[in-house]
Amino acid sequence: MLLRRCGTDALLVEVDSLTEVSAVRAALQGLEGIEELVPAARTVLVKGALNQVREALKDIDLTKVPTTHPSEVTIPVIYDGPDLGLVAETAGISQDEVVTLHTDAVYEVAFCGFAPGFAYLTGLPESLQQPRLDSPRTKVPQGSVGIAGEFTAAYPRATPGGWRLIGRTEITLFDPKAETPALLQPGDQVRFVVA
Amino acid sequence: MNRTVTIIRTGPQALIQDLGRPGNAHLGVPPSGAVDPHSLTLANRLVGNPETAAGLELLLGALTIRANTSCTVAVTGPAVQVHVGEKLADSHHPIHLRPHEVLEIGTPETGLRNYLALSGGIDVPEELGSRSTDLLSGIGPDPLRDNDVLELGTPSPANDADVVPPHQALQTLVIPIRLGPRDDWFEDAETQLRQGSWTVSDRSNRVGTRLNGTRLNRRDGEIPSEGVITGAVQVPPDGQPVVFLNDHPTTGGYPVIGVVDRDHLRFFGQARPGTSVRFRPIV
């Protein structure tokens, strides 16, 4: 673990894996005075309360995976994505088996980024860990459910994107006018079910 | 009865802004808010508003409004000509408008953004705790258009601030920058920053101020996306730095060579294309 200075009131905590990111996030979440806590692929950015942050990181066990989740969310999916066939072919299995694999797994929100409410979910079965499309789509429709590398995600709104799309959800993922704008937050546990 | 003003004509860009919605970066939501918060809070104080009230951020001024109620307004930012009807009025000073009076804000000769506060503040619904327009992610109200009608909140009694100094736009900015978090991607980052010189690019916006000039030599490659804060100076492969302003993306994959303190960031928010920039690195 490496602490990198980021201006006067923030630190970038650099670690070696998503599991360690999760451990750092869990250790810092809820510390009084923290203004921003932004997990990413190999880092956690933390702004504010730097003395308490340094103290909390002193004795941290990075191998300890948090067992509690801020919330548990189920997302109904219609599995009719334009890349379902490609994904099945790449994995060497049937389309039904893709759906079974995707719905049987339990995911965790590793971090959000790219667009408001866009959550990168880890826990994807190995045979579904596939590369992005050779040529990204200029418009991925809102609610599309895709996979890319070790992640799966649902698009909160229409954006360009290169993920392989296996389905779509009608659930609202981000509504800035709502009391709780983002359906998914870092640390949440997520399951997909067939709608 | 509702207190309102009508937008008769906007300039290049007129946005509703308050102090933004920090604290939501973990959801992928930029902080947004006025890029020169100092000028917005001064304007609010002149009309008796709390500093957090929503006002207007006017790129190159140039806004005309009609009051549909009596209200107090104040224009801050760089020095600019202001008229009420045909009569010249003072910027950086409270101005009382009677119903049907027209306020016309000219174009400042220096600087980039004027701020207009209206007594009671602009009353649009909050999104994630703020009324600010975020141009990157589309959160908050749309940019203003001609003929829009804006509702105002309930005014408080004016406080004792009655004149404030205009923003002094400088032809050369010398900006302190704290090295890190990725200064190790650069060979002798401190010297490169200290010896370089740049000008503000005309492709700058609320997402970031782009600088043209000395190429910062960095390692090739990208970092797995990581959180970035407002004021971060990111260096893409072309070596031309970008200073992240309020509507910046919450994560990025280019190395951040250093971070500009909040107190100095507003000078970028007010820097016209062509302004010279030098950095004073703090190790």
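The values are calculated or read from the model by the stated rules, or taken from the named source; none is laboratory data. The structure displayed is predicted, hence computed values, not measured ones. All Cβ positions, even for glycine, are placed from backbone atoms using ideal geometry, and neighbour counts span all protein chains on display. Surface accessibility is based on the protein's heavy atoms, side chains included, excluding ligands, DNA and RNA. Shrake-Rupley method; radii C 1.70, N 1.55, O 1.52, S 1.80 Å.
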All positions within region B:150-161 that are assigned to a strand (DSSP E or B) and either surrounded by 18 or more Cβ atoms within 10 Å (Cβ to Cβ) or within 14 Å of chain A (Cβ to nearest Cβ) (or both): B:L150, B:L152
Please return the ranges of strands (runs of 3 or more DSSP E) entirely within region A:111-195 where 1 or more residues are within 14 Å of chain B (Cβ to nearest Cβ) and not charged (D, E, K, R). A:119-122, A:144-148, A:151-154, A:159-161
Determine the pairs where a residue that is away from chain A (no Cβ under 13 Å) and under 13 Å from B:R9 (Cα atoms), located within region B:129-149, has a partner that is open to solvent by less than 60 Å² (accessible area, probe 1.4 Å) and in a loop (DSSP other than H, G, I, E, B) with Cβ atoms under 9 Å apart, the partner being 6 or more residues away or on another chain. B:P143/B:T10; B:P143/B:T133; B:L144/B:T10; B:L144/B:T133; B:R145/B:T10; B:D146/B:T10; B:D148/B:T10; B:V149/B:N68
Does region B:27-37 include one or more residues that are outside any loop (DSSP other than H, G, I, E, B), within 14 Å of chain A (Cβ to nearest Cβ) and not acidic (D, E)? yes
The residue that is most open to solvent (accessible area, probe 1.4 Å), considering only those in region A:111-145 that are at pLDDT below 95 and among the small types (G, A, S), is A:S135
Look at B:V84 and say whether it is over 15 Å from the mean Cα position of the chain (by Cα) and surrounded by 22 or more Cβ atoms within 10 Å (Cβ to Cβ). no
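With the requirement that a residue be part of a strand (DSSP E or B) and in contact with a Pro (Cβ under 7 Å, 6 or more places away or on another chain), what does region B:56-70 give you?
B:L59, B:A67
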Among the residues of region A:63-90, which ones are at pLDDT 95 or above and in a loop (DSSP other than H, G, I, E, B)? A:Y79, A:D80, A:G81, A:P82, A:D83
Quick one: is A:L12 in contact with an Asp or Glu (Cβ under 8 Å, 6 or more places away or on another chain), farther than 30 Å from A:I171 by Cβ and not in a helix (DSSP H, G or I)? yes
Taking region A:32-52, which residues are more than 14 Å from chain B (Cβ to nearest Cβ) and either surrounded by fewer than 12 Cβ atoms within 10 Å (Cβ to Cβ) or in contact with a strand residue (DSSP E or B) (Cβ under 7 Å, 6 or more places away or on another chain) (or both)? A:N51
For region A:15-31, which positions are closer than 16 Å to A:L2 by Cα, in contact (Cβ under 8 Å) with a residue 60 or more places away in the chain and away from chain B (no Cβ under 12 Å)? A:S22
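Picking from A:D80, A:D16, which residue would you name as being surrounded by fewer than 18 Cβ atoms within 10 Å (Cβ to Cβ) and farther than 23 Å from B:S225 by Cβ? Before you say what the answer is, go through the steps one by one.
Working: A:D16 fails: farther than 23 Å from B:S225 by Cβ.
One residue alone meets the criteria, A:D80.
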